[in-house]
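First, the structure itself, so that you have it in front of you.
The values are calculated or read from the model by the stated rules, or taken from the named source; none is laboratory data. What you see is a predicted model; the values in this text were computed from it and never measured. Using ideal geometry, Cβ is built from the backbone for each residue, glycine included, and neighbour counts are taken over all protein chains shown. Heavy atoms of the whole protein, side chains included, go into the accessibility calculation; ligands, DNA and RNA do not. Shrake-Rupley method; radii C 1.70, N 1.55, O 1.52, S 1.80 Å.
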Amino acid sequence: QVQLVESGGGLVQAGGSLRLSCAASGRTFSRYAMCWFRQAPRKEREFVAVISRDDANTYYRDSVKGRFTISRDNAENTVYLQMNSLKPGDTAIYYCAATLQTITTMNYEYQYWGQGTQVTVSS
């Protein structure tokens, strides 16, 4: 079992930055690939960024490439999402998720989810 708690969301102006954190419980954090998803009002939940168990591989949705960076600290059981050059279209609830599967962008393959943190970008 893994429990995930996100933090770091908030209100920011377009062009600004935020850093999201996701703290995981348990001693097996390094066994999980970790992902950030987001869900905007009246939209489907979508993949944002994923990082492999060993930090060797990362993938991003096209709209955030070059602006967002996912990273992890296995010693601290934490995964991060650094978000720069934020746009109003990035407004959503951001969720972190964990899977024992090989790195994947499909939300149904993630077994554990956090409660989400709100990110609001004003124009």
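What Cys residues in the chain have no fellow cysteine's beta-carbon under 4.7 angstrom?
Cys35
How far apart, in nm, are the 7 Å Cα→Cβ label points at Asn57 and Thr104?
So the label points at Asn57 and Thr104 sit 1.3 nm apart.
Restricting to the chain, compute how many DSSP beta bridges are antiparallel as a %, nearest 5. Walk me through the numbers on the way to the answer.
On the way: 36 of 40 bridges.
Around 90 percent antiparallel, to the nearest 5.
Now for a different question. On a C-alpha basis, how far is the centre of region 1-38 from the centre of region 64-89 in Å? Whole number, if you could?
Taking the Cα centre of each part, region 1-38 and region 64-89 sit 8 Å apart.
How high is the relative contact order of the chain, in percent, with contacts defined as C-alpha pairs under 8 Å that are six or more residues apart? If you can, show how the numbers build up before the last one.
Values: 311 pairs, mean separation 44.4, N = 123.
Computed over the chain, the figure is 36 percent.
Round to a whole number: what % of the accessible area of region 73-121 belongs to carbon and sulfur, probe 1.4 Å?
Values: 1060 of 2240 Å².
Carbon and sulfur together cover 47 percent of it.
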